[in-house]
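The structure under discussion appears below in the form of structure tokens.
The values are calculated or read from the model by the stated rules, or taken from the named source; none is laboratory data. Remember, predicted model here, so these are calculated numbers, not experimental data. FYI the Cβ positions are ideal-geometry reconstructions off the backbone, even for glycines, and counts take in every protein chain you see.
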């Protein structure tokens, strides 16, 4: 993506780690889950490894040291119930979304397995719902990211071409989904994945966070 700007008819944005900082929610969900299993929570590195692995469909058995199925049930239920209280907007993201929405259409694609209405209510709670034209959750597609299915759903809903779109997110799955669909890809370093990991996916652009994106959009 050239620094002199890129014309996009739509930008697809991830939620956790891209729009909101979810680290405190991850820690609380882990604390509750390990306590329910009678275990002491591990250190921060292991706690943050849990959502990283879940997003990539990898096992967490070595972290939970027990019944991973029971742990995961408690973990996800807890996490989804506390996102409003324990997540917070990335600093200055509201202003960035306002600027972006004035230039192009915005859609939100999240891997949370919750009804779309839950996300709509959360976006409204944070005061950023008016900036989004469309929302897709993991329940809205049979194959979540890195499958391009959710991106294709957004393209159809917004009546645009995928080649005119950008996906921005903090994970390798965001970049992979964008490439599979044929969209431009922007990786942000505000989530759980490191620059080295994201660089290996060869995104078109890597930014510290999404608030830097408006200057690249004409």
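Please indicate, with yes or no, whether at least one residue in the range 27-36 is buried (at least 18 other Cβ atoms within 10 Å of the Cβ), closer than 29 Å to residue 105 by Cα and not assigned by TED's automatic domain parsing to the domain that holds residue 122. Looking for residues that are buried (at least 18 other Cβ atoms within 10 Å of the Cβ), closer than 29 Å to residue 105 by Cα and not assigned by TED's automatic domain parsing to the domain that holds residue 122, one finds none in the range 27-36, hence no. Just one of the numbered conditions (1) at pLDDT below 95; (2) crowded, with 18+ Cβ neighbours inside 10 Å; (3) within 30 Å of residue 181 (Cα to Cα) is not true of residue 16: (1). Checking 198, 151, 139, 129 one by one, the residue that is out of contact with any helix residue (DSSP H, G or I) (no Cβ under 6 Å at 6 or more places or on another chain) and over 23 Å from residue 48 (Cβ atoms) is 139 and no other. Out of 152, 74, 109, 167, one residue alone is assigned by TED's automatic domain parsing to the domain that holds residue 49 and under 27 Å from residue 58 (Cα atoms). It is 74.
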